[in-house]
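One structure below.
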Amino acid sequence: MAERFQRLYALKPNLYSKGCPIIIEAGALQKDTESGTVLAQIKMRNIGEKTVASCKVSLKTYENNGDEVEGVSNFSYLDLNADSGDEFGTKVPIILPNKTTRSFTVDIDEVVFSVSVGLNQPLGGADEILNQMRSLIGRGHAHVFLRRKIEGCSVLC
């Protein structure tokens with residue numbers, strides 16, 4: 001009996017962009033031999049110090065001859081709660097829109113860290129809220145939701 005999934009392509013192991021809190025440990029392109037559907041699976045690991053809440057990736061996909069075909073933009077891995085050292089992504093298939101895909105590249109578009117904010121005081125006006133948030137952010141308890149591009153990895157931190 002033939003295998004249900006046929007491996008078409010594998011990424012080089014341990015892909016990393018300097019400053020990015022995520023490393024791509026492995027990635028594979030698989031074809032479902034029953035439906036013809038092509039899917040990607042990506043194994044990632046949090047190598048940062050903060051807990052990762054979610055991660056968005058984009059895939060550029062190619063045919064055998066190297067021509068780019070329709071890929072996937074902003075695929076979200078949600079509700080991760082991935083602490084430092086935790087892996088994620090292996091059990092989440094990314095269904096690709098083009099069945100002729102035979103290779104791919106992946107970009108980490110965004111990483112969002114878990115928020116642990118404890119505002120135990122009644123909130124005042126906008127200036128007071130901003131000051132409280134700045135104080136908490138300065139102590140490492142919250143995020144500044146500003147996009148920072150780090151060589152192919154956009155981080156919300």
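Derivation of every value follows stated rules applied to the coordinates shown; laboratory data play no part. Keep in mind the model is a prediction, meaning the values are calculated, not measured.
Remark: the A2-T37 segment gains 11.0 nm on full extension, using 0.36 nm per residue and subtracting the alpha carbon distance. Counting only lysines at least 8 places from K31 when in the same chain, those with an alpha carbon closer than 20 Å to its own are K12, K43, K60, K91, K99. Using the Karplus relation 6.51 cos²θ - 1.76 cosθ + 1.60 with θ = phi - 60°, the per-residue 3J(HN,Hα) values for region 43-58 come to 9, 10, 9, 7, 9, x, 8, 8, 6, 8, 8, 8, 8, 10, 10, 10 Hz, with x marking Gly and Pro. Scalar couplings 3J(HN,Hα) for region 20-36, obtained by applying the Karplus form with A = 6.51, B = -1.76, C = 1.60 to θ = phi - 60°, are 7, x, 10, 10, 8, 6, 7, x, 9, 9, 10, 10, 6, 5, 7, 9, x Hz; x denotes Gly and Pro.
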